[in-house]
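Following: one structure in structure tokens, then a few remarks.
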Amino acid sequence: MKWIMPQHKHGGLSTEENLVLACLPCNRYKGSDLTSIDPITKQITVLFNPRLHEWNEHFQIDQGYILGKTTIGRTTIFLLKLNEPKLLMIRQALILQKLYP
């Protein structure tokens, strides 16, 4: 994990309240995108924003898989590849050790 600066092309300032803690793969997948395509409805949808949205409203966990409950959840999972095999294995191991969520 590392602190990620806001994307300047969207007018973000490099202030403390604008920093986000993100893993490198998630940051690479997201880039400066603010939206993506919902894999079910095929509609352009905003991404989950932890400053605006509640995690439990948009996601749930089932045997280590992160599932989208809304278009925002599905779109974010799709773009960030949150259920790729490596991440799923790590999540499942943490669940077995009672360290996740």
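The values are calculated or read from the model by the stated rules, or taken from the named source; none is laboratory data. This one's a predicted model, so the numbers in the text were calculated from it and none came from an experiment. Virtual Cβ from ideal backbone geometry, glycine too; neighbours counted across all protein chains shown.
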Checklist outcome for this item: Filter the stretch 47-74 for residues that are part of a helix (DSSP H, G or I) and buried (at least 17 other Cβ atoms within 10 Å of the Cβ); the one that is nearest to the chain's Cα centre (by Cα) is G73
Next on the checklist: Looking at L21 and the list (1) modelled with pLDDT of 90 or more; (2) loosely packed, with under 15 Cβ neighbours inside 10 Å; (3) in contact with a Phe, Trp or Tyr (Cβ under 8 Å, 6 or more places away or on another chain); (4) not small (G, A, S), which single condition is not satisfied?
Outcome noted: (1)
Checklist outcome for this item: Here the residues within the stretch 22-40 that are within 14 Å of I77 (Cβ to Cβ) and free of Cβ contacts under 8 Å to residues at least 40 places away in the same chain are P39, I40
Checklist entry - Residue check: is I77 surrounded by 13 or more Cβ atoms within 10 Å (Cβ to Cβ), of a type outside the set (F, W, Y), outside any helix (DSSP H, G or I) and modelled with pLDDT of 95 or more? => result no
